[in-house]
Amino acid sequence: MTMTPYEVVGLTPAEYAALVAALGRTPNLLELGLVGALWSEHCSYKSSKATLTWLKPPPGTVVQGLGENAGVVELVPGWEVAFKVESHNHPSYVEPFQGAATGVGGIIRDVLAMGAEPIALLDSLHFGTGAEGRRLLPRVVEGIAFYGNAVGVPTVGGEVGYGPEYETNPLVNVMCVGIRPASRRIGAGARRPGDRVLLVGARTGRDGIGGASLLASRAFAGEGGDDLRPSVQVGDPFLGKLLIEAVLAALATGKVTAVQDCGAAGLTSATAEMARQGGTGIRLDVDRVPRREAGMTPEEVMLSESQERMLLAVAPEDVEAVAAAVRRYGVEATVVGEVTDSGNLEVMAGGAVVGQVPVALLTDGCPTRPAPARRPGPMAHRPWVPTAPFDPEEGLRVLAHPLSRSRADIYTQYDYMVQTRTVAGPGADAAVLALREVPVGLALTVDGPGRWCARDPYAGAARAVVEAVMNLVVSGAEPLGLTDGINCGSPDDPAVFAAFAGLVAGVADAARALGVPVTGGNVSFYNQTGGRAIWPTPVIGAVGRHPRPTRPIRPGWTEAGLVLLRVGAPEGDLGATAWRIAAGDGGLDAARAPDLARAAAVVGVIRDAGRAGWVRAAHDVADGGLFVTLAEMLLAARPGVRSVAVRLAGPARPALFDEGPAQAVLAVAPADVAAVQERARAAGVPCAVLGQTGTGDDGMTVEADDGRFLWPVDALARAYRGDR
Amino acid sequence: MTVAVIAFPGSNCDRDVVYALQSLGVEARWMWHTEVDLEGVGGVVLPGGFSYGDYLRSGALAAHSPAMPAVRRFARDGGPVLGICNGFQILCEAGLLPGTLGLNVSRRFQCSVEHVRVAAAPASLRLEPGEVLTLPIAHREGRYYAPPDVLAELWRHGQVVLQYADAGGQVDPAVNPNGSVDNIAGVANRAGNVVGLMPHPERAMAEWFGSADGRRFFARWAGAGGTAA
């Protein structure tokens, strides 16, 4: 059976009918190719757009919200932070090294396109636990290192999650953060007809053609994906680095009126986006696009996803000055088109118009899937509380599990120090950067706990937001904004679509409850192979302002005699915890939804305690529960005071391994305990004294109703390294 | 004193070095590799990064950059030249320093904080032999190698400058992060005016970096010291 031309470009019969109706004629093959690419799930967000409106932040809370290349929030008057998370899941399965590498390059240029200098990367990775997962992880890490290290943007944080559902659908989500002076505000909108469109960077080849529409907008049929390898792009961090320098130099001329990265669907998407945001049209002459191979058709030029290319809009009289700034770095700059007032994307070849489609039709004409009529909330929850007698070995088993143990083996492969801003790097709750430009710093984190969302996506997504915000405040920072990367299976599957809606609702409700705006994000559907979908996974990136960046609050205490306070309280529910998974019986159960009002109060108490200078060390409760929190604090403590004695109310296990969000341990000087507890009482937040730090390196002692348990430092250190 | 920090295409520590020197009160001038002018310059730094994307071999292409004839003349006239990380690789490729830098034994990029012991103090770097500095490394090709006869010469003439060591200054193969011969982290030319090292002193300029030993390092390099210890 042969496919129709519209099926070849990925359109459904209904979409094709809508296209013909809107166009008033039959599109030619080039036009069909352009529409097919831009109406792909990856470019059009046709299945998610309507639902994503739930995330819209309250007016006045962000500088730039959903819809641009990256979100922007104000850091201090005159300086702004641009940030976004983006997925490169499908390419990273087909070709893990290049797939991950180009994911890094792409998100860096999205931040650059906001006029921001990229200063940090974080990544959220998810892999299976079988042979494929083990094969993919080191290659993905190498790819990220290959690109990120060379391009000179430090990888300051991240996370790795595991679950069998990611075996043939790894998730590679990368977040980039940049800063800009408010005077350098710019975006994709090419508003001035007559401006020239300047293509800067790499030459255009046949790589990555159909990447967006064929690769990222479909599920994989079965094993492998070998036939799709040519649709993976190839990255060149050397040119990527030069392109950053060149574009920053071009922006410094003050003569650039719009910037856009050539990402998915290449020049087609980039030109359409510039015209859409500017309310203009663009005429692009494919004959003027520098090529790296001969004989490319106009469609190939328009849809190539060759990396390291950006478009700039510049007034005709300024072209020479801007091009010279770019060429200083050995980067090509070529006028390939012009901004028009036609409202159309016109493609020229051989001196004639060979395709012409209204911009609005390209970018917003695709029929979209409506949001669910009812906004999901948390599901009915049954706590999972195991009752067998507690064995202290359970603690070491959880600590040594890949979900909890040290990631040093991964993050030491990344340059986390280049640009010399990194105060707290990978392994910290939040990365903290000191900035030369302003007296405040940045705190950054990314969290994507898929297992919390496996059974109740709403609950897990809300917890993910709480977790990300907690990571900021325990480091002493104040939350400024969130970005989310939503990863799901096929939206055509009603269960997957419902899970997607649950994630969005959970993120939206938690963000609102905590008062942190969502500035945008990314949706990756079709993460399924052979009919098996991933756990619905929200990757939450969070950005905070740090008032004392060279003195962040860290997990490791440095003195004996500090009092450990637990802000928030566990519920003894081990559903979907690292403990549950480390138990190894294949069970998971659901994570319960957080009490968002309580979470907001806990966040407030910790933020205030940090601001008041009461907190000597802090760490939130996350993967592996309080046990892992205390173990990590102990292992990060100064040698000589690696001793802690903790007294728990009730039996040990439920208190130690509950991962309920909105709990943290603060180490406080005895004189400040009353002040913290008073602040907590005023907020209606539990704030129990857990114990004290001691002298010597005696390890961790826990006294509970069911016994007294001791874990020596060596045993904890060994488990944390993963060798038991 | 004015120091020229030369940026090659793909260098990515160039501005970090400029900031580090400026924080010591040194006048540091950023120079793009095609626009190098060493008139009135008292020292040259070749910074770290991935010049020319590490294509061919690390440092191999930058060693033929338009900047290098001027750097060679400067070095030949006794001017202090410091190569950090990729800059060290470039100096080796350019023949301004003996030996070569190969792939780490782990075959991986490694970013971590290490200790180095000062083995000898060449003319341009007046550190105290035996002192220990805590400095970060970040490289994939940092495994220093020189053939046995060259190595013997380096030792004889005090050209082995830095060795990876433990916190107490013991030079132990177990703390060698890349498998370099004799734990070597940095070397000098015979005259002592050209020095290359893999660690990044510009990443150790305050306690909040994890170490402030880079201040001491730059202060002792070519009298660039300014106000530092």
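Just so it is clear, none of the values below were taken in a lab; they were calculated from the coordinates. Quick caveat: nothing in here was measured; it's all calculated off a predicted structure. Using ideal geometry, Cβ is built from the backbone for each residue, glycine included, and neighbour counts are taken over all protein chains shown.
Couple of notes before you dig in:
- The protein assembly as shown - charge dipole about Cα centre, Lys and Arg +1 at Cβ, Asp and Glu -1, debye rounded to 20: 1120
- Inter-chain neighbour count for B:46-58: the average number of beta-carbon atoms from partner chains within 10 Å of each residue's beta-carbon is 3.
- Alpha-carbon spread of chain B, three principal axes, descending order, Å: 43, 39, 32
- Summarising the amide proton neighbourhood of A:G355: residues at separation of 5 or more, or on other chains, whose placed amide H is nearer than 5 Å comprise A:V347.
- Inter-part distance where the stretch B:58-82 and the stretch A:63-80 are each reduced to a Cα centre, Å: 43
- Projected label points at A:A612 and A:R288, each 7 Å from Cα along the beta carbon direction, are separated by 6.4 nanometres.
- Across the protein assembly as shown the C-alpha pair distances fall into 20 Å bins from zero in the proportions 14, 45, 34, 7, 0 percent.
- For peptides B:65-72, A:2-9, B:138-145, sequence by mean Cβ density within 10 Å, most packed first: B:138-145, B:65-72, A:2-9
- Whole-number D in µm²/s for the stretch A:610-666 (Stokes-Einstein; Kirkwood sum over Cα pairs; 37 °C, 0.692 mPa s): 267
- Close amide H contacts of A:R455 (hydrogens built in the peptide plane, cut-off under 5 Å, sequence separation of 5 or more or a different chain): A:A591.
- Leading residue at positive end of dipole, chain A (Cβ point charges), from A:L38, A:A116, A:W54: A:A116
- Span-rule helices in chain A, defined as complete DSSP H runs reaching 27 Å or more along the axis (Cα) with Kyte mean at least -1.0: A:131-151, A:494-514
- Counting only DSSP beta bridges whose two residues both lie in the protein assembly as shown, roughly 75 percent are antiparallel.
- Non-local lysine pairs in chain A, meaning eight or more places apart or on different chains, with alpha-carbon distances under 29 Å, amount to 7.
- Computed [θ] at 222 nm, deg cm²/dmol, chain A (DSSP H ≥ 4; -39,500 (n - 2.57); rounded to nearest 500): -10000 deg cm²/dmol
- Taking every residue in A:242-253 and counting other chain Cβ atoms within 10 Å of its Cβ, the average works out to 1.
- Once backbone amide H atoms are built at 1.01 Å from N, A:L75 has A:E80, A:V81 as its partners under 5 Å, excluding neighbours fewer than 5 places away on the same chain.
- Each part reduced to its alpha carbon centroid, the stretch A:87-115 and the stretch A:556-627 end up 32 Å apart.
- Full extension of the segment from A:M3 to A:H381, taken as 0.36 nm per residue of separation minus the current Cα-Cα distance, would add 131.4 nm.
- Residue separation of A:T253 and A:R638 scaled by 0.36 nm, minus their Cα-Cα distance, works out to 133.7 nm of gained length.
- Cα extents of the stretch B:150-229 along the three principal axes, largest first (Å): 37, 31, 18
- Using only the C-alpha atoms, the convex hull of the stretch B:147-194 corresponds to 84 Å³ per residue.
- Counting neighbouring Cβ atoms within 10 Å and putting the fewest first, the residues A:W711, A:W384, A:W39 line up as A:W384, A:W711, A:W39.
- The coefficient of translational diffusion for the stretch A:253-406, derived via Stokes-Einstein from the alpha carbon Kirkwood radius under 10 °C and 1.306 mPa s, stands at 80 µm²/s.
- Under the Karplus curve 6.51 cos²θ - 1.76 cosθ + 1.60, θ = phi - 60°, whole-Hz ³J(HN,Hα) for the stretch B:143-154, x wherever Gly or Pro sits: 7, 5, 9, 9, x, x, 5, 5, 4, 4, 4, 4
- Separation between Cα centres of the stretch A:2-16 and the stretch A:423-483, rounded to whole Å: 42
- Antiparallel bridges, percent of DSSP beta bridges restricted to the stretch B:2-227 (to nearest 5): 60
- Among A:K241, A:K56, A:K46, the ranking by other beta carbons within 10 Å of each residue's beta carbon, starting with the fewest, stands as A:K56, A:K46, A:K241.
- Residue-wise HN-Hα coupling along the stretch A:418-425, computed from phi with Karplus coefficients 6.51, -1.76, 1.60 (Hz; x: Gly, Pro): 4, 6, 6, 10, 6, 8, 10, x
- When restricted to Cα atoms, the stretch A:573-724 yields an Rg and a Dmax of 15.9, 47 Å, respectively.
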